[in-house]
There are 4 protein chains.
Amino acid sequence: MVRMGIRAAVAGASGYAGGEIVRILAGHPEFEIGAVTAGANAGTPLGARQPHLRPLADRILDETTPDVLAGHDAVFLALPHGQSAAIAERLGDDVLVVDCGADFRLADPADWERYYGTPHAGTWPYGLPELPGHRERLRGARRIAVPGCYPTAVLLALFPAFAAGLAEPDVVVVAASGTSGAGRALKPHLLGSEVMGSVSAYGVGGVHRHTPEMAQGLSAVAGEPVTVSFTPTLAPMSRGILATCTAKARPGVTAETLRAAYERAYADEPFVGLLPEGTWPATAMTLGANTALVQTALDERAGRLVVVAAIDNLVKGTAGGAVQSANIALGLPEELGLTTIGVSP
Amino acid sequence: MVRMGIRAAVAGASGYAGGEIVRILAGHPEFEIGAVTAGANAGTPLGARQPHLRPLADRILDETTPDVLAGHDAVFLALPHGQSAAIAERLGDDVLVVDCGADFRLADPADWERYYGTPHAGTWPYGLPELPGHRERLRGARRIAVPGCYPTAVLLALFPAFAAGLAEPDVVVVAASGTSGAGRALKPHLLGSEVMGSVSAYGVGGVHRHTPEMAQGLSAVAGEPVTVSFTPTLAPMSRGILATCTAKARPGVTAETLRAAYERAYADEPFVGLLPEGTWPATAMTLGANTALVQTALDERAGRLVVVAAIDNLVKGTAGGAVQSANIALGLPEELGLTTIGVSP
Amino acid sequence: MVRMGIRAAVAGASGYAGGEIVRILAGHPEFEIGAVTAGANAGTPLGARQPHLRPLADRILDETTPDVLAGHDAVFLALPHGQSAAIAERLGDDVLVVDCGADFRLADPADWERYYGTPHAGTWPYGLPELPGHRERLRGARRIAVPGCYPTAVLLALFPAFAAGLAEPDVVVVAASGTSGAGRALKPHLLGSEVMGSVSAYGVGGVHRHTPEMAQGLSAVAGEPVTVSFTPTLAPMSRGILATCTAKARPGVTAETLRAAYERAYADEPFVGLLPEGTWPATAMTLGANTALVQTALDERAGRLVVVAAIDNLVKGTAGGAVQSANIALGLPEELGLTTIGVSP
Amino acid sequence: MVRMGIRAAVAGASGYAGGEIVRILAGHPEFEIGAVTAGANAGTPLGARQPHLRPLADRILDETTPDVLAGHDAVFLALPHGQSAAIAERLGDDVLVVDCGADFRLADPADWERYYGTPHAGTWPYGLPELPGHRERLRGARRIAVPGCYPTAVLLALFPAFAAGLAEPDVVVVAASGTSGAGRALKPHLLGSEVMGSVSAYGVGGVHRHTPEMAQGLSAVAGEPVTVSFTPTLAPMSRGILATCTAKARPGVTAETLRAAYERAYADEPFVGLLPEGTWPATAMTLGANTALVQTALDERAGRLVVVAAIDNLVKGTAGGAVQSANIALGLPEELGLTTIGVSP
């Protein structure tokens, strides 16, 4: 009997997120890469856009259509927002559809419409297994909404504090992202000449689309509405997110109770590392790995807890998180095909 | 009659801050560079450490001693903390001493001892002319404490909000700095291999020494104690600070009243630019210039005002700010020898 | 009597080269900036594209037309190749036209057509004053062809060896350039995510358009045809060119005769620095400065002389070189408005 | 029966090369990591210096002594030059010793002494399996000298041309390296502030220690002495080498014969990729992968062939090459535990 892999298609394989899904699936012992599709790049070899994916360089990018994607066991979507629903409804209920776009992340239609300006498509199980109760919901799921890259970092940084009742529900987050988080679109401010040697702010004042996603996740854990002030910044690196997250500490919280809450939350998590005391996260520690690294502090003068998390935005923040959730959904070992060892320096 | 320049010595000229002072003074029409001094590098040519300072490359670095520094009209100190007092007391009261170190920045001895661990040396006029009342205090001064690089960015970002009574006295700041802010000391985490491609946090939880300096400046403007939660991060660039600063907005504050407060505060300031609406600061906009660029937002959902400021940490954040204050102290035009045009891209 | 500056227009002011011309002219004591023009960006404020040029941020970009450019004493053209001739012929013969494009650099129409594929427009005095005889030709000139950025570095690196008869006429050059050398056009390989962390080759095999310009300049100095094998590479930095240039040494050449030739050639040149022995050029030493830094070595085993030169591609390689030549043409001191002090680190 | 892995020790595991060996061995299905050792860092956890190696972070670094290294099946040495011989002679002849240092690379004692200044230790089989005849010599070997990072790139770029008799024996190489190639030693010119935004030359004029290694390898293939003019440069990135290599083409060589020689040479090589025509190597294509990417051109005007190769200096250039050769020596599949998929962008 020939053992067959799980056939997976990757839609949007010419972009950064899609390329990263292909990279991870290519090293996964259970997946077999079927169709790789693209929009404007359809018809060209994958290697022309993703020359680092050497063994698959000669694969021709198909057009992203339901017909091309049908006939796979799993379909990973790395498409611009708004395209996933039409594709997913054409794929069978038994097909695992993992959407790296935003379309099915938000439960509140008003939030969706406020931030995305289009009708709400619905809500799928949210692919952050570390959140309380989420791993269970992902088991056997056939539709998964992969979290945004910033929310991944922020939720992993803050949910243990809220789960333990240590933080006031008013959060401030400032995060730095590498440029791959902005995708491969040709925009003037993403030119190398502009980004090298420069850190810049954007989407300030609560307007970034990942803001309601953070609030949704934290509120669920806290059991009360949590407001989030989120400021994203662009840093001169290709990959990585460093999220600095702070909230007022509830009365009686000490550095020890804070750390203990995180030790409890992450004792058995394969992909989240609470760093030794005195060590603070750097994004380079996570490059290429499906790891979130976290450290906590209590600022007694300011009465605030501060938690910093680092991830690779394309791995734990997108493609690695997607495969981790897919592993769970398909009943595979959660860690299969995912590394916790970064490429550094 | 031969017109004589103001003879200036630069102590610590082999470091990054000292080199930048030399760079600026070399283009200043009224200063004439006298002694350039160093510690371990004394006896070697300036060009060996600062090859970009071509016209002065053959100058030999003297040892940093009061005797060498005496006999100048102005002495700029870019020394490790703790060395300024002993030197300053050996220089005449008529000599302008501009200290880029921290020794004379904090008014509260308890703050000093808590953060620096040594006896308090005293307090000198604080060289941030844009702060209310400070320009006047600098006129004719012969001792100036140059602000820290982070406090420069943060105070310029936030004081107008406090001056106008728009913000609650509980501030959160997350700032990214280029590596030159850490100086030229050989530390493993400052190696190029470590910093490139990585953003990292350090000094988290209220322990960074610039924290009390921010609180001191903001409290003075607010007329009440302001607490500051400050998290510095290291970004993969040589220069620049981007400070994201936020506080709860007082009731009734609107985006318009917020912006109006900044327009008022900075209408006549030559070195602070309130960017056009829709444009957010990037550190590259300020590279090499004595400029702080500022933008404001009101996040109504989170009830917070967010102000972002960008500076070149070595110019407006250190050497340029030092020369600006020296200009005022000496009765020269404040803008003399200082540019507001950055080098970009 | 009101002293009038030389009124200068800058065409292409929204690009990197044009922005740099504006930056330098803004600090030049004799020039006064008139029209700043653009193509697609006409009608928008200069600051929207060049936010670092603070004092001129509100200037509106005019359309690049002969009518707009007429009425200035000097016109600096920073346009795509092929547009300069039509503009220049509409400007009076008494107007100084300084072309940063390639149109008038090559004397040989066959070379032009081979590399640019369009009819040859003619030849203007070549704006590299350091080349033998060129300073004289620039005096009083009203048309100047600014050299390409790579040729500037390579000619300064190699002409003294050929002038002194030390090198065989078969040159190998490999140069690394920052991304600003490729301009501001939106091309996928220029995205920050692509260029950061990567050095790449392009235009290999003698096809880069700057190749015949190098051969032309070296052949003129050598008095015989010099062939040039030129390979450009793209480095992860915004600015700078480092050119490594080598040729077989003629019999009898020693490290001393080699160095002596460069000492002679550059003894009185304000903008070329022969570094102290043991120091090799780094592009950062020249950032923002109109400086070329050069160092020589003789590789006795390989029988080759190796000369390395560093420049800022936008300053000495484009805008600074343009202003230097304009100074000469207009009878101003050659160094006016140009600095030899870089911004570093 | 419990299946036992091959027990491997890594000496110098706190450095960049040693850390990379650990990274690769940790993902290798046949190796089991035994002792990890260090010099000054002995006694501290591996994670303090290599936080990206999460699963091994708690391993304590032993001191690098023969006693600690004994008792392993394989010992990988990533030590400063000059330390390998004393260790190797204390390890049994049946232990595989893979030396990433230079000690056993050069066959000619005069070359060794000229470039390293110490007595010659001997010569071990050279770990570049792609070179003609080398794979055979590595089979069953118990001592392997891993090539230098630059020679790896240069030999892979040029040996096919010499094997096919297409090139004159006078080679010019200019290569750019990321800073990790210089190791983790604290040197002023390796500070992030110095390297970011800058490309610099070093070791110019034939003095770099990798020069005789290149000449040795090419001469062996060419069957006649090949001279090498080699200039290394430092680029602002952590990893990667781009080597531009050129030699006069022998009469009759065409672009087609040149390419055909490389197609032949690399048709069956798992770790060398000849890129499609029109695509030039970028180091980012190889990050984290044991891949060398190569492209060729014939410059007819200059009469030169130009070959550009890109590698990750720490993988194919050091640790990956070491494991590849170890696989061969131990009779394992050559590709085991090594990826050809890079991490990009």
Is there any pair with a first residue in the stretch C:275-303 that is open to solvent by less than 10 Å² (accessible area, probe 1.4 Å) and a second that is aromatic (Phe, Trp, Tyr) whose Cβ atoms are under 8 Å apart and which are 6 or more apart or on different chains, and what are they?
C:Asn290/C:Phe271; C:Thr291/C:Phe271; C:Ala292/C:Phe271; C:Val294/C:Tyr262; C:Val294/C:Tyr266; C:Gln295/C:Trp280
Which of the residues spanning the stretch A:226-249 are outside any loop (DSSP other than H, G, I, E, B) and not polar (S, T, N, Q)?
A:Val228, A:Phe230, A:Pro232, A:Leu234, A:Ile241, A:Leu242, A:Ala243, A:Cys245, A:Ala247, A:Lys248, A:Ala249
Taking the stretch D:290-299 only, how many residues are facing another protein chain (nearest Cβ under 7 Å) and assigned to a loop (DSSP other than H, G, I, E, B)?
1
In the stretch A:148-159, is there at least one residue being more than 14 Å from every other protein chain (Cβ to nearest Cβ), under 19 Å from the mean Cα position of the chain (by Cα), open to solvent by 30 Å² or more (accessible area, probe 1.4 Å) and modelled with pLDDT of 95 or more?
no
Kindly indicate whether any position in the stretch D:262-269 is more than 10 Å from every other protein chain (Cβ to nearest Cβ), within 17 Å of the chain's Cα centre (by Cα) and touching a residue at least 12 places away in the same chain (Cβ under 8 Å).
yes
May I ask you to list pairs of residues, at least six apart or on different chains, whose Cβ atoms are under 7 Å apart, with the first in the stretch B:79-104 being over 19 Å from B:Gly320 (Cα atoms) and touching a residue at least 12 places away in the same chain (Cβ under 8 Å) and the second being open to solvent by 20 Å² or more (accessible area, probe 1.4 Å) and among the polar types (S, T, N, Q)?
B:Gly82/B:Thr118
Which one of the conditions (1) facing chain A (nearest Cβ under 7 Å); (2) touching a Phe, Trp or Tyr at 6+ places or on another chain (Cβ under 6 Å); (3) in contact (Cβ under 8 Å) with a residue 40 or more places away in the chain does B:Val272 fail to meet, given that it meets all the rest?
(1)
Out of curiosity, is A:Ala284 assigned to a helix (DSSP H, G or I), hydrophobic (A, V, I, L, M, F, W, C) and more than 14 Å from chain B (Cβ to nearest Cβ)?
no
Residue check for B:Gly317: out of contact with any strand residue (DSSP E or B) (no Cβ under 8 Å at 6 or more places or on another chain) and under 17 Å from B:Met214 (Cα atoms):
no
Taking first residues from the stretch D:44-69 that are surrounded by fewer than 19 Cβ atoms within 10 Å (Cβ to Cβ) and second residues anywhere that are acidic (Asp, Glu) and modelled with pLDDT under 95, the pairs with Cβ under 7 Å that are 6 or more apart or on different chains are none
Which of the residues that make up the stretch B:15-32 are more than 18 Å from B:Arg239 (Cβ to Cβ) and of a type outside the set (A, V, I, L, M)?
B:His28, B:Pro29, B:Glu30, B:Phe31, B:Glu32
Residues located in the stretch C:234-274, provided they are open to solvent by 10 Å² or more (accessible area, probe 1.4 Å), closer than 22 Å to D:Leu305 by Cα and in contact with a Ser or Thr (Cβ under 9 Å, 6 or more places away or on another chain)
C:Leu234
Residues to consider are D:Ala74, D:Ala35, D:Ala78, D:Ala40; find the one that is hydrophobic (A, V, I, L, M, F, W, C) and surrounded by fewer than 19 Cβ atoms within 10 Å (Cβ to Cβ).
D:Ala40
Name the single residue, out of those in the stretch C:306-345 being part of a loop (DSSP other than H, G, I, E, B) and buried (at least 24 other Cβ atoms within 10 Å of the Cβ), that is farthest from the other protein chains (Cβ to nearest Cβ).
C:Asn313
Within the stretch A:3-25, of all residues that are at pLDDT 95 or above and basic (Lys, Arg), the one least open to solvent (accessible area, probe 1.4 Å) is A:Arg23
Please go through the stretch A:191-229 and pick out each residue that is among the hydrophobic types (A, V, I, L, M, F, W, C), closer than 26 Å to A:Thr291 by Cα and within 8 Å of another protein chain (Cβ to nearest Cβ).
A:Val195, A:Met196, A:Val199, A:Ala201, A:Val228
Looking across the stretch A:160-177 at residues that are part of a strand (DSSP E or B) and of a type in the set (A, V, I, L, M, F, W, C), the single one that is farthest from the other protein chains (Cβ to nearest Cβ) is A:Ala167
Exactly one of (1) on the phi > 0 side of the Ramachandran plot; (2) within 7 Å of another protein chain (Cβ to nearest Cβ) is unmet by D:Gly252. Its number?
(2)
Against the definition (modelled with pLDDT of 95 or more and within 11 Å of chain A (Cβ to nearest Cβ)), how does B:His134 come out, yes or no?
no
Please go through the stretch B:42-63 and give me each residue that is more than 10 Å from every other protein chain (Cβ to nearest Cβ) and either more than 28 Å from B:Ala289 (Cα to Cα) or among the aliphatic types (A, V, I, L, M) (or both), ordered by number.
B:Ala42, B:Gly43, B:Thr44, B:Leu46, B:Ile60, B:Leu61, B:Asp62, B:Glu63
Just need a number here: residues in the stretch B:192-225 that are among the hydrophobic types (A, V, I, L, M, F, W, C), part of a loop (DSSP other than H, G, I, E, B) and open to solvent by less than 30 Å² (accessible area, probe 1.4 Å).
3
Give the residues of the stretch B:20-48 that are hydrophobic (A, V, I, L, M, F, W, C) and not in a loop (DSSP other than H, G, I, E, B), sorted by residue number.
B:Ile21, B:Val22, B:Ile24, B:Leu25, B:Ala26, B:Phe31, B:Ile33, B:Ala35, B:Val36, B:Ala38, B:Leu46, B:Ala48
Residue check, A:Glu277 acidic (Asp, Glu), under 27 Å from D:Thr339 (Cβ atoms) and either at pLDDT below 95 or not in a helix (DSSP H, G or I) (or both):
no
C:Pro29 farther than 26 Å from B:Leu274 by Cα, in contact (Cβ under 8 Å) with a residue 60 or more places away in the chain and not hydrophobic (A, V, I, L, M, F, W, C):
yes
Tell me whether the stretch A:236-247 contains one or more residues that are at the interface with chain B (Cβ under 10 Å from one of its Cβ atoms) and farther than 30 Å from A:Gly15 by Cα.
yes
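The values are calculated or read from the model by the stated rules, or taken from the named source; none is laboratory data. Not measured: the values here are computed from a predicted model. Positions of Cβ are generated from backbone atoms using ideal geometry, with glycine treated the same way; all protein chains shown enter the neighbour counts. For the accessible areas, the whole protein counts, side chains as well, though only heavy atoms, and no ligand, DNA or RNA atoms are used. Shrake-Rupley method; radii C 1.70, N 1.55, O 1.52, S 1.80 Å.
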